[in-house]
Every structure is written in structure tokens, then in C-alpha cells.
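Take a look at the structure below.
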Amino acid sequence: MSLIQRAQQSRAGLQNAAKSLLTLSGVKSVLFYYVLSRYFLRAYRHIIATGVKQSVIETWKWAALRVILLSIRFIPSARQKVETEMARVRSDIRAKLIPQGPRVVRHLSLPPEGKSIEWVTNEMQRMDDESEHTNAWKDGKVSGAIYHGGDDVQAVIMAAMNRYCVSNPLHPDVFPAVRKMEAEVVAMYNHPDGCGVTTSGGTESIIMSCKAHREWAKEVKGITEPEIIIASSAHAAFDKAGHYFNIKIVKIPVNPITRQADIRRIKRAINGNTIMLAGSAVNFPDGAMDDIPSLGQLAKKHNIGLHVDCCLGSFIVPFLEKAGYPTKPFDFRVPGVTAISCDTHKYGFAPKGSSVIMYRNNELRQYQYFVSPDWAGGVYASPSIAGSRPGAIIAGTWAVMQYMGEDGYLASCKSIMGCAKRVMAAIRSEIPELYVLGNPPASVVAFGSASPKVNIHAVGDAMSSRGWHLNALANPPGLHIACTRLTVGVVEQLIADLKECVAQVKGKPTGKGNMVTLYGLGSSSAVGHTMVAKVASIFLDTMYIA
């Protein structure tokens, strides 16, 4: 066959193939293989990121969950058992959260006539008195949660908030001082260029960063199925952002010894849809600090974002070096870091509802903004989720940062770190039944059970009976204490109570305390997490029962 004949034959074959593709069945075939290839690519990327073993475990859990949920739905006895248990849980939660008794007054409608300020303050005092736990936080037995800088700090905050009570940064022409203070709050957190925004808390800061990186990746790189890679210890706010913005959150297990992000596995998980990595400085569960310089190298190499979550690290981690504690760089000095979140309302001692999200440059920050130029009410633009925002909180934050100063925050860091190191040393040298998770560099100390005779959540329940509010952890089971200024004065009592509670539960049945029940349920079966989610929803519902 001549060369010309072969060419003609090939041309005819291509023409026939094109004609067949243009038929209905051909279009169906192309569409089928396109969809199949997309699902195959997603599965392949997931296996590469999480590993074969983890992928098999996840698939098994997914299948088992579906089977169990179907049985609960269609088998009357199983459904009745679950409903009975949930009703009991609902009753228990309501009994603990909702005050009862003849002295309890419920205000379910506006009073016919306005009340005096004396009546209002007296009624608030009476509501406080309905619970014996109202002022229990002042005893210093709460892990984190209350970041109280002292009565003098509180007075400074209240003076500022009273002055700017009605202010709203949505109107900078009406409240120019609040606009100036917000810009200065961002700048004072070691970011003099001021490429940032204040938010209502760490969750909003993280959500805004995810949104900004999503928009950037869509416009600059054309990514329409974005993915963010995080360590399994990263804050749940990343999951919330993924849920809100349709971003796939790829979770990589941490190193079981160091509790840090596994750089090797994160590197393997990066693909063409990856828009951002996230690292913690420090994370909430066990207080570990991820290797931010290594994450920065990956981010820079692949031209993707790197968010550093320093919400809990707050004003502790930035002062570690000056306080004389070993640490690694985590901020914009690290090449590749594109965003940092910090909660000023934690160790910055600002009023609750204050956080900062910072960007390396203004170009990236602009992807966070929302602008509607053709709204009937005029041009609408806001920097974050909220439109109107409380200028009083911004003013309180600015005031406390000025009041504390660098020397005040440094002294606070040294004091709190001394407390955390004392707890860590006591667990390692004085309580052999426990062990410290990883090597936490800052104010959070997490610990688990080193003895099969000690259920760590039973220890948590025993500590609760003594007035302590420690955070319960899962995977691995544990407890943590986030040391604050209030913890400093009771650290020896904490250690003594911990020793006694370990001895109290050692070798005994676990009982039915809150931690044992809830976290035992979560790990009991494939459906356990679904039941825990139902319990959490019941808790949230109860929050809004007057």
C-alpha cells in the first residue's frame, strides 16, 4: 500500500470516528468516559494523599455507616432505641443548662413599660445568682476560654468601649478614629504594612483566608475545584470554610510522636487543584507547632498559599524568642507564608469578638473583599463577612494593646510559659500513668494515659467533679490545659488534683461521666460520630431555649 493510500485510509478512519462521535450514542460514550475519568482522577488523588490503608479504612467506615443508618431507619426496634437514648440525652442537657425553680423568671416578651437601669442591673445579678457556676472561672480552673488580663486591663477596655459604644467601621467618615484604630491594630501585630482586617474571631479569620485564596486561585490559576491541605490537628474552622465555600479539605494525619504536620505526606498530597496549605502555631488539640519553614518551601515551590493559624498562639508564640524559649520562625519572615490569623481576644486580652487576619500583600487581601457595585441601595463593599461591625470592640482592642505594650506582653508570656512548663514537667516526672503528647512549645499542654489501667476521660470526669474544666481530646484520647494568667496562681493545685484523680480512677470501672460517655460513644462504632453529632445538635438547640 502506497503512502498516499495509507493517508487516505487514515483520513477516512478519522472522518468515520468523528461521525460516530456526533451521534447520540457517541456523545453518551464521550460523556460517560469523561465522568468516569474525573471520578477516577479524584479517587487516585485521594489515595495518593491519604495512602491506601487510610483510604480502605475510610471506605469501610462509609459503607458501615450507611448500613447502620439504614437499619436504624427501617428497623423499628433499632430506631426506638436510638430515639429513647437521644431523648434521655436531651433531658440531661436541658437539666444542666436551663435554670429551673420558682425563682427563675423567663422574659419571653417585651415589658409593657420600660424598666429602670436599677431594675436592669438587679435582674442581671439575679440571673447570675441562678447558677452557682457564674463566677467559677475566677478560680482559674478553666482551660483557656477566659483570657482575663486583670481588673486594670478590664477597666481600660470598658472605658474605650463606652466611648465608642455606637460606632461602626462601616462608616469611616462618621467614625474616623475607629477606622484609624483598626488599621493600627493590624499593624501592631508585627505587620507594619497593615495588609489585614479585624474579624469577630479566629473562625472568621480562617474562613476569610480560605475565601481569599479560593478567589485568587480561581482568577490567577483557573482552579474551579479547589483543595486545601491541612494536618488532622488543624482547627475545625477549615472544615467550616470548606463546607461554606465548596472547598475540598484534605486532611493528613500528624506524626504520632511529634504531633506535627507530616511534611512528606503533605508534599505527596499536593496536586493541580491545591490552592493552599495550612500550618498551626500552635494547634488547639495538643499545642504542637507545625514546621512552618518547611511548609513555606512547599508553598513557594508550587505557587500556592500558606495560611499560618496563630489564633491560639496569639501573643504567646510571637514573644517566645524574646522570652528565652526555643522556637522556629512562623510569620512573614518565612518565604511562602501568605496569610496569618491571630486572636487578639486571647492572650492579647482584648474583648471577646476580636481577631486579625493578615496577608503578605494587599493584592491577596483584595480577594477577601465583597463588592456589589450595582446594588439599588448604592455601592456596597465590606472587607469580611459582616457588614456593620462593633467599633467598640476595635476600640477596646486598640486600647488594651496600647496599655499592655511590648513589655507587658513579654512579662505575660514569661509568666504563662512558666506555668505550662511546670505542668509539663510534673506530668513527665511525677505522674508515670500519664504522658505528654509531643513537645508543646507554648501554653497548651496535652496529655494521655500511659497505663491500660487509667482511662484518661475518666480522669477528666474526676477533675470536673473538683471544679476543673479541662478540654477532652480524641485520636488519641487525651486532655489538655491551655494555661492562662488565671492558671498561674493555681498550678500547684492543678498538679495535686491531677495526681489524686489518676489514683482515684486507676484500675476501676470508667463510670458514666460526661467525657467517658460522649467520647466513648464517638469511638464505639462506625455510627458513633453520627450520634455525637446529634448530641452536639441537641446541645446547640438547648442554647436557645429561654
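With a cut-off of 15 Å between beta carbons, the residues surrounding residue 199 carry a summed charge of +2, where Lys and Arg count +1 and Asp and Glu -1. Once the chain from residue 173 to residue 257 is taken as fully extended at 0.36 nm per residue, the excess over their C-alpha distance is 24.9 nm. Note on residue 121 and residue 499: the extension gain reaches 131.9 nm, defined as 0.36 nm multiplied by sequence separation minus the Cα-Cα distance. Computed with a 1.4 Å probe on the full set of protein chains, the accessible area for residue 485 sits at about 80 Å². What does the extension gain come out to for residue 138 and residue 546, with contour length at 0.36 nm per residue minus their alpha carbon separation? Length gained between residue 138 and residue 546: 144.3 nm. Ranked by the mean number of other Cβ atoms within 10 Å per residue, highest first, peptides 459-471, 312-324, 341-353, 423-435 order as 341-353, 312-324, 459-471, 423-435. Note on residue 119: accessible area is roughly 100 Å² with a 1.4 Å probe, heavy atoms of protein only.
Considering only protein heavy atoms and a probe of 1.4 Å, how much of the accessible area of the stretch 127-254 is carbon and sulfur, as a whole percent?
Heavy-atom surface of the stretch 127-254 belonging to carbon and sulfur, 1.4 Å probe: 52 percent.
When only Cα pairs below 8 angstrom with a gap of at least 6 residues are kept, the chain shows a relative contact order of 17 percent. The percentage of C-alpha pairs in the chain whose separation is greater than 30 Å is 60%.
Note on residue 407 and residue 268: the model spin-label points, each 7 Å out from Cα along the C-beta direction, lie 5.3 nm apart. Taking every DSSP bridge with both residues inside the stretch 214-350, close to 5 percent are antiparallel. A simple spin-label model places the labels of residue 246 and residue 451 5.4 nm from each other, with each point 7 Å out along Cα-to-Cβ.
Annotation: for a label point projected 7 angstrom from Cα along Cα→Cβ of residue 492, residues of the stretch 414-433 with backbone N closer than 20 Å are 415-431.
In terms of Cα to Cα distance under 26 Å, which lysines are near enough to residue 534, apart from those fewer than 8 places away along the same chain? Output for residue 534: 61, 81, 96, 240, 248, 251, 512. A dipole drawn for the chain from +1 and -1 charges on Cβ atoms has a positive end, and of 87, 39, 266 the residue lying farthest that way is 39.
Mean sequence separation of contacting Cα pairs (under 8 Å, at least six apart), scaled by the length of the stretch 280-378, corresponds to a relative contact order of 25 percent.
The packing ranking of peptides 207-219, 390-402, 491-503, highest mean first, is 390-402, 207-219, 491-503, where packing means the average number of other beta carbon atoms within 10 angstrom of each residue.
Determine the percent antiparallel among the DSSP beta bridges restricted to the chain, to the nearest 5.
So the antiparallel bridges in the chain amount to around 55 percent.
For the stretch 300-454, give the share of DSSP beta bridges that are antiparallel, in percent and rounded to the nearest 5; count only bridges with both residues there. If I count the DSSP bridges inside the stretch 300-454, around 75 percent turn out antiparallel.
Once the Cβ-Cβ distance of residue 90 and residue 300 is raised to the sixth power relative to R0 = 45 Å, the FRET efficiency obtained is 0.35.
Residue 218: which aspartates and glutamates have alpha carbons under 18 Å from its alpha carbon, excluding same-chain residues fewer than 8 sequence positions away? The qualifying aspartates and glutamates are 227, 363.
The values are calculated or read from the model by the stated rules, or taken from the named source; none is laboratory data. Every value quoted in this text rests on a predicted model; they were computed, and no experiment measured them. FYI the Cβ positions are ideal-geometry reconstructions off the backbone, even for glycines, and counts take in every protein chain you see. Heads up: the accessible areas ignore ligands, DNA and RNA and are worked out on the full protein's heavy atoms, side chains in. Shrake-Rupley method; radii C 1.70, N 1.55, O 1.52, S 1.80 Å.
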